Structure formats: structure tokens, C-alpha cells
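All remarks here apply to the structure that follows.
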Amino acid sequence: MLCIIHVESTSAKSNRNNTDVQYGRRYFSTVAYLRFGTHRTMNYSRSILTIAILCGLMGPAFAQLTPASLVNDRAAPRPEIDIPGEIAVLQSMSRVVKHVARVAKPSVVHLEARKTETKRGRSEEFDEAGSGAIVEIDGSFYVLTNRHVVFGAKESQVTVRLSDGRELHPIRIISDSSTDVAIMEVRGEDLEIAQLGDSDRVDIGDFVLAIGSPFGLSHSVTFGIISAKGRRDLTLGEERIELQDFFQTDAAINPGNSGGPLLNLQGEVIGLNTAIASSSGGSEGIGFAIPINMVMLVARQLATVGRLQRSYLGVSLDPDFGPETAIRLGVRRPRGALVKKVTPNSPAAQGHLQHDDLIQRFNGVEIEDDDHLVNQVGLTPIGQEVAVVLLREGKQYQTTLTVTARP
């Protein structure tokens, strides 16, 4: 028997032919009926979940099959299965998942932001739900979340609901549009902070858990793996996220999961769930999370400076760098960032970079493509001296330069 369960929310507007998330040349709609992973509820209607269960019996399809014992003179022996052993393995895994969920739950919050949208001269109020995680920065408590969850709402219009049911309002909200990261300062007694992992150590195949508020159902837990790393050319709805380096996961992420933590099996936050690629508006096993190292780099600057200070290199890169150009340069594959133009008096010019230089390493990091270099430069502290390894006319060179603030 095959059962397919499909869930839709009638309180949100959906057009399944619309395409909002782009990866390469394929287009997908963003998380459910909004951009990204928030869940919208209009104030004049209640959210209704419609669940359709389609079940079909497949027994007749096997009526014409001949038993193997009649085809072969001797049937192959059936392998013995250690059922108790297999159950013990599953129970052990289950205990790990339960432990992680229990440890992480107190630091995860449910968010509701009251927003107003004007269309065709009419104002419409709605509540947008999301998730977040509590962290401590320089002695103060902040909720990490996505910018798109709280953008457009004032502090008094955002409700932070803790795992024990208490409700808080943020003192201030600071966000960065280039990364879709936001922080909200909160004050309260006995606030539990999340344990942060090292997202640089995350690898494809690692088991992960996502905690959030899908469809407003707070502190829901889903389980999966890291499916891919370094997704950097996603177009997320109408938003322009310039600095991207997403993890891809098949842990179920739905509307309302935005801003919630992606956890490893140690209960450490390794990412901030942000968006999904979906043709139906719900989870189809393709979710995206911002690595926590990147989130915290941005969060610390937002908390101390009030904005993300992005560094500047001063080069134009070739977005069409492909196999033919790679052969011309004498490399086997198009890996790295190819310089098209160097801005005069820029850090790149002072480092003697030239047209047709292939940047292969930046500050000790092997560069995969032009988007990767943009990320690395933008998140490098202003004034830091970095080493750059490049290929020029078939020979490898190293130079040093000092990145500056963007002009």
C-alpha cells in the first residue's frame, strides 16, 4: 500500500506555477506561500490544514510474476536478520535524537511578527511566524533569526515566545539584508542560550536536526542529513542576498521554520534554517541553512557596530569562466575566480593583480568560483592583510594585500 500525504494552508496565497527560488537554470517556489520559511496568517481568517491521503493497492501488479523457486532449480537461501540487533541500533539512534531535542529546546523560540501590507490601496494586517535561537554576545542576550521574519515589524509588534510559555518583546532589532541575518536583543530571567558548533567542520552526510515552528507549530523537530554545501547562487523571491554559502539539507523545513536552528548530533547549532526549494509550497527535501560561523560573524558586528562592515578587494570577475577558458589558462577544470578588471588604487591594484589572473586561494581558503571569492572578501575583517595565490600565464604566484572598507 502506498500512501501520500499532502498538506496545504488555505490561509496563504499560493501559485504553484510561480517560480521564486533559482538554482542554476531551474526555478522553484520559496518556502510555501511566502518568500523563505515564514508562515503567514491573515488576521481575518484562520489557518486551515487540508490533508489528502491517497492510497493505492499494488497487489494486482504482481499477479503475473513467477516465483523464483520455479525459475531456479534451487532457491537462494534467505539471509538471517538479527532483528533484536537492528532494533537496538534504531533505539540507540532514537535516544540520540531525543537527547539533542531535549537539550536544544529551551534555547529555541517561536516568533510572531505583526506586519502590514498595502496592495491596490488597501492595507492588510497579518502575522508572520518564524523561529529563532538565543545566544549571548558581549554579556547581552540576543535572538538569532532571519531578517525576512521580522523585517517591517517594530519591536512592539514582535512576540518572542520561550519554550516555557513566557512571552517577551525585543528591545531592539538589527538586521543585514546582504546575508538575511537579524538579531533581536531581549531581556529576561533564566534565559537558556544555544550551544554553537563549528560549521567549517560540517560535511556532506552528517546527521542533523531542524527545530522550529512549521505552520506555527512551535518547537517541532525534524531529522535528516547535510545533502550539499556551498550553495551560493540562489535567488530567493524578491530579496537579494548577496553573501551566500548555504548548507543544503533534507531535514523537513516548512513555513515557520525560518530562523530556527539546524543542529548536529551534539546538540550544537551549525546553521540557521532559511529557505526551501519546492514546487508544492511545502517540504520536498531541499532546504537551505546559513552556516552558523557566518551567522555569528554578522551577528557580532550587528551587536557591536550596528551593521555589517564588508571588505573590498577591487576586482571585476568573469561569471562565465568555464571549461574552454580553463583549457586556455592551462588548468584542467574551471575552479577559482577569473579577474576581468582591476580597479585603480584598490587593494587588488596594490597587490599587483592583473586582467586574466586566476585567483585560486584567498586568505588560506581554496576558491571554488566567483561567488565564493565574493563571500570570502566580504566577510574578511577590514584592514586585515591576506595572502592571495593566483595563476598567471601558467605559473603560480603569491601576493599579499590589505582589504579595505567598501567605498
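Here, each number is a calculation from the coordinates, and none is a lab measurement. Keep in mind it's a predicted model, so treat the numbers as computed, not measured. Here the Cβ is made from the backbone with ideal geometry for all residues, glycine too, and neighbour counts use every protein chain on show.
Given Cβ point charges of +1 (Lys, Arg) and -1 (Asp, Glu) and nothing else, what value in debye, to the nearest 20, does the dipole of the stretch 191-244 about its Cα centre take?
120
The stretch 309-407: which trypsin sites (Lys or Arg not before Pro) are DSSP loop and have at most 10 other beta-carbon atoms within 10 angstrom?
For trypsin sites (Lys or Arg not before Pro) across the stretch 309-407 that sit outside H, G, I, E and B with at most 10 neighbouring Cβ atoms in 10 Å, the list reads R332.
Looking at the stretch 213-275, which trypsin sites (Lys or Arg not before Pro) are DSSP coil and have at most 14 other C-beta atoms within 10 Å of their C-beta?
Sites meeting the loop and neighbour criteria: R240.
For the pair R172 and K98, what calculated FRET efficiency results from E = 1/(1 + (r/R0)^6), where r is the Cβ-Cβ distance and R0 = 35 Å, to the nearest 0.05?
0.45
Rounded to the nearest 0.05, what FRET efficiency is calculated for T402 and S316 with R0 set to 25 Å and r the Cβ-Cβ distance?
0.80
Would you mind computing, in nm to one decimal, how far apart the modelled labels at D356 and I193 are, each placed 7 Å from Cα along Cα→Cβ?
Once both label points are built, they end up 5.3 nm from each other.
What are the ³J(HN,Hα) couplings of the stretch 393-407, residue after residue, when phi is run through the Karplus curve with 6.51, -1.76, 1.60 and θ = phi - 60°? Round to Hz, x for glycine and proline.
6, x, 10, 9, 10, 10, 9, 10, 8, 10, 6, 10, 5, 5, x
Could you tell me the calculated FRET efficiency between R114 and T304, based on Cβ-Cβ distance and R0 = 22 angstrom, to the nearest 0.05?
According to the calculation, E is roughly 0.15.
Calculate the spin-label point distance for F207 paired with E368, positioning each point 7 Å from the Cα along the beta-carbon direction, and give it in nanometres.
The answer from the label model is 2.5 nm.
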